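Here it is, the structure in full.
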Amino acid sequence: MNEMSETKRVAIVTGAESGIGRGIAHRLAKDGFTVVVNDVNIDKAKEVEQEILQTSGTHMAMAVQGDVSKREDVFSLVEQTVKAFGCVDVYVSNAGIAQVNPIFDITPEELEKIFSINVFGTVYGLQAAGEQMKKQGGGKIINAASIAAHKGASLLSAYSATKFAIRGLTQSAAQEFAPYGITVNAYCPGIVGTDMWDYLDEKLAPYMKVDKGGAFKAFVDGIALGRSETPEDVASFVSYLASSDSDYMTGQSVIIDGGMTYS
């Protein structure tokens, strides 16, 4: 890590207005990071910023609006962070969306949307954060994958394809970035109780012939530890990836799902 980051660690979390992203932002703030909260919804991002400032005792927090599917927004996010705080030690590419559709029904518009956010957004994060971290002499990039990056899911083919892509990007970037002291890893959550799973439950229910809540319950029933995952469960692992304890780890996409997918 660069000399500045030894006294002031700075983390960017994309898609941080709710759910897993919000949980990660709060956890990194608790760990002592100055946290930049990024989202397309600036009002919600500012709410998270204020929550952090009021509860964590962290150095600072800042909300920045931006759409990860737009390359200029991602580079601007990094530039604004450096201008405000001097460095970027950790970049968490958390922003992402899901879609439910049989393969026969996927439209070009849907495919373009999910890839532009999930995959293009991850590439732009690698480029923007990677360039800054090269200048600093190191850093950590953490990508959001999924258990769907290890086993493709029925009716979630486009989503699964994007997450497999992120797993591949994580492996490739880890090799390219290692000479610059940059590690690249990914977290692979399972069934997390968030707004995304509310959406998935609603869309999957007709195909599974269950009532509202039934799809979520069916998946949770398959978890060895007997409960759904929380954003805090994911954030605890991201905390490890953002810490010096993971300095010798790179190129990995690690499953954290309570015991569903074994790879």
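The values are calculated or read from the model by the stated rules, or taken from the named source; none is laboratory data. Note that this is a predicted model, so its numbers are computed, not measured. Ideal geometry is used to build each Cβ from the backbone, glycine not excepted, and the neighbour counts take in all protein chains shown.
Just one of Lys8, Lys46 is of a type in the set (D, E, K, R) and outside any helix (DSSP H, G or I); which is it?
Numbers: Lys46 fails: outside any helix (DSSP H, G or I).
After ruling out the rest, the residue left standing is Lys8.
For Glu202, which of the numbered conditions (1) surrounded by 15 or more Cβ atoms within 10 Å (Cβ to Cβ); (2) within 19 Å of Ser160 (Cα to Cα) fails to hold?
Every listed condition holds for Glu202 apart from (1).
Considering only residues that are in contact with a Phe, Trp or Tyr (Cβ under 7 Å, 6 or more places away or on another chain), aliphatic (A, V, I, L, M) and touching a residue at least 60 places away in the same chain (Cβ under 8 Å), which ones fall in the range 143-164?
Ala144, Ala145, Ala149, listed by residue number.
Filtering the range 57-79 down to residues that are modelled with pLDDT under 95 and touching a Gly at 6+ places or on another chain (Cβ under 9 Å), which residue is farthest from Glu112 (Cα to Cα)?
Gly57
So that you can scan it fast, the table gives a plain yes or no per residue for (1) aromatic (Phe, Trp, Tyr); (2) closer than 23 Å to Leu28 by Cβ; (3) in contact with a strand residue (DSSP E or B) (Cβ under 6 Å, 6 or more places away or on another chain):
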| site | (1), (2), (3) |
| --- | --- |
| Val192 | no, yes, yes |
| Tyr199 | yes, no, no |
| Ala205 | no, no, no |
| Lys209 | no, no, no |
| Lys212 | no, no, no |
| Ala218 | no, no, no |
| Thr230 | no, yes, no |
| Val234 | no, yes, yes |
| Ala242 | no, yes, yes |
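Of the conditions (1) modelled with pLDDT of 90 or more; (2) outside any helix (DSSP H, G or I); (3) farther than 30 Å from Gln136 by Cα, Ser263 fails just one. Which one is it?
Every condition holds for Ser263 apart from (1).
Looking at the range 190-244, what helices (runs of 4 or more DSSP H) fall wholly within it and have at least 2 residues that are more than 30 Å from Ala174 (Cα to Cα) and hydrophobic (A, V, I, L, M, F, W, C)?
195-208, 214-220
Residues checked against (1) at negative phi; (2) at pLDDT below 95; (3) among the charged types (D, E, K, R):
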{"site": "Thr81", "(1), (2), (3)": "yes, no, no"}
{"site": "Ile114", "(1), (2), (3)": "yes, no, no"}
{"site": "Leu155", "(1), (2), (3)": "no, no, no"}
{"site": "Tyr159", "(1), (2), (3)": "yes, no, no"}
{"site": "Lys163", "(1), (2), (3)": "yes, no, yes"}
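What are the pairs with Cβ atoms under 8 angstrom where one residue, in the range 37-56, is farther than 17 Å from Thr81 by Cα and the other, located anywhere, is surrounded by fewer than 24 Cβ atoms within 10 Å (Cβ to Cβ) and among the hydroxyl-bearing types (Ser, Thr, Tyr)? Sequence gap at least six, or different chains.
Lys44/Ser18
Would you point out which residue out of Ser253, Ser236 is in contact with a Phe, Trp or Tyr (Cβ under 9 Å, 6 or more places away or on another chain) and not hydrophobic (A, V, I, L, M, F, W, C)?
Working: Ser236 fails: in contact with a Phe, Trp or Tyr (Cβ under 9 Å, 6 or more places away or on another chain).
So the residue among Ser253, Ser236 that is in contact with a Phe, Trp or Tyr (Cβ under 9 Å, 6 or more places away or on another chain) and not hydrophobic (A, V, I, L, M, F, W, C) is Ser253.
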